Amino acid sequence: MSFDYMKVLPEPAEVKKTCPLPEKLVEVKAERDREIQKIFTGESDKFLLIIGPCSADNEEAVVDYTTRLARVAEQVKDKIVIIPRVYTNKPRTTGIGYKGMLHQPDPEKKPDLYAGIEAIRKMHIHIFEQTGFTTSDEMLYPENHPYLDDVLSYVAVGARSVENQQHRLVSSGVGIPVGMKNPTSGDFTVMLNSIVAAQAKQMFIYRGWEVQTEGNPYAHAILRGAVNKHGQTMPNYHYEDLIRLYEMYSRLELANPAVIVDCNHSNSGKKYLEQIRIAKEILNSTRHSKEVRSMVKGLMIESYIESGAQKIGEGIYGKSITDPCLGWDESERLIYGIADVL
């Protein structure tokens, strides 16, 4: 074998002991989880908005961004529940490049996963303490979920992970809403199969244990667009796509049929300003059809302080170093605009 075993990483219990979630926030987390879960069960007609940077690359800027977001959230709380995107793992199609704060707490320095585990936990907790937001992250590495399971209220399984057995089985036991993205091919059946697996009781090996789960009734779909064999993007946020998903859901015995529509990635062709138009079109579709309205629980938006993207090392505060994002001014207007039409 060619593995170089460099250092033993700490167990989740050890990390939680050295960086605990303050006791006063435990019930706050439970109450916020209940509020979010009621949206998926249909007990609440509030709209979810999962919004934030493509990658959470810098704690100071991300806390600044989420603090601004909290002020807006207070103004729209009767209609919208906001969950900040605090994505600390960045999937790379080729496996090369910046892989997120978990790998590199400082994007301009060498990877350090030990420091990364501590850094991402501290950041999620600092955001919770300062804004009242529990957060969302991508479950890129299922075995790492226990490092953050007491602070996250939402996780997403990416387009390249959704066919993976471990992602599906671990999703069945996390106890919070898990969004399953359609694969890059765009195949809805693959996405729905992953939801079936995540909602079912499962038994499997996890972190050296034989474990069993009760199934996750909050597992649901995320539409993020697709890519064809020529490398061209194929959006799937249109009314016809939503009706098709509704009909496919109807043929399955699944709890809480639901979808979050990702307004960026292959739906926008990574043209970040298109997210504004796409969000408006999806809201129009929900007004056109009660079936679509019952299924569409919210949107996913990539947004940061400064619009666009930069290369690592350029040093522009609050500007994405991965995919381009909406800037704060556009994001604030979009949130208020969504609230106005709900």
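The values are calculated or read from the model by the stated rules, or taken from the named source; none is laboratory data. Predicted model only: the values in this text are computed from it and were never measured. Every residue, glycine as well, gets a Cβ built from its backbone with ideal geometry; the counts of neighbours run over all protein chains shown.
A few comments on the model shown:
- Residues (in contact with a strand residue (DSSP E or B) (Cβ under 8 Å, 6 or more places away or on another chain), surrounded by fewer than 20 Cβ atoms within 10 Å (Cβ to Cβ) and without any contact (Cβ under 8 Å) to a residue 60 or more places away in the chain) located in segment 310-328: Q310, I316, G327
- Scan of segment 168-222 for residues that are of a type in the set (K, R) and within 18 Å of the chain's Cα centre (by Cα), ordered by number: R168, K181
- From the list A197, A221, A226, the one residue that fits, being in contact with a strand residue (DSSP E or B) (Cβ under 8 Å, 6 or more places away or on another chain) and within 21 Å of Y154 (Cα to Cα), is A221.
- Entry remark, segment 222-253: residues being under 25 Å from Y272 (Cα atoms), out of contact with any His (no Cβ under 8 Å at 6 or more places or on another chain) and assigned to a loop (DSSP other than H, G, I, E, B) number 9 in total.
- Test: residue in segment 84-92 that is more than 14 Å from the chain's Cα centre (by Cα), under 29 Å from T322 (Cα atoms), surrounded by 18 or more Cβ atoms within 10 Å (Cβ to Cβ) and at pLDDT below 95: no
- Positions within segment 264-302 being in a loop (DSSP other than H, G, I, E, B) and exposed (fewer than 15 other Cβ atoms within 10 Å of the Cβ), in sequence order: K271, L273
- Members of segment 308-342 found to be over 20 Å from the mean Cα position of the chain (by Cα) and either of a type in the set (A, V, I, L, M, F, W, C) or part of a loop (DSSP other than H, G, I, E, B) (or both), listed by number: Q310, K311, I312, G313, E314, G315, I316, Y317, A339, V341, L342
- Candidate set from segment 93-115 (those that are touching a residue at least 24 places away in the same chain (Cβ under 8 Å) and assigned to a helix (DSSP H, G or I)); member that is surrounded by the fewest Cβ atoms within 10 Å (Cβ to Cβ): Y114
- Positions within segment 206-221 being touching a Ser or Thr at 6+ places or on another chain (Cβ under 6 Å) and either among the acidic types (D, E) or not in a strand (DSSP E or B) (or both), in sequence order: G215, N216
- Applying a threshold of 9 Å to beta carbon distances and a minimum spacing of six or more residues, or different chains, the list of pairs starting in segment 155-184 at a residue that is free of Cβ contacts under 8 Å to residues at least 24 places away in the same chain and ending at one that is among the polar types (S, T, N, Q) reads N164/S194.
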